[in-house]
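Participant: Here it is, the structure, as structure tokens.
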Amino acid sequence: MSQLLALLRELEAARFYGAVEIKFEAGCVVLIRKSETIKTTNDCRDSRGAKDVANNY
């Protein structure tokens, strides 16, 4: 359990963005699955703004 808590603290400190799945068997942690999501920067074009909608119609 202490390894799990250490992992969660590391993920929090690293500002992790994703999901952590913890599998228990007989009350013990036997599997930890980490799925990371990568967020893009704001440098890409966003076509959902009001000015874009007005220009397209």
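Participant: Contour minus end-to-end for A26 and T40, with contour as 0.36 nm per residue of separation and end-to-end as the Cα-Cα distance? Present the calculation step by step, with values, prior to reporting the outcome.
Facilitator: Working: separation 14, 0.36 × 14 = 5.04 nm, distance 4.00 nm.
Difference between extended and current length: 1.0 nm.
Participant: By average Cβ neighbour count within 10 Å, what is the ranking of 7-15, 33-41 from highest down?
Facilitator: Working: 7-15: 10.6, 33-41: 7.7.
The peptides rank, most packed first, as 7-15, 33-41.
All of the numbers you see were taken from the coordinates with simple rules; none came from a lab. Just so it is clear, the model here is predicted, and its values are computed rather than measured. So basically every Cβ, Gly included, is an ideal-geometry build from the backbone, and we count neighbours across all protein chains shown.
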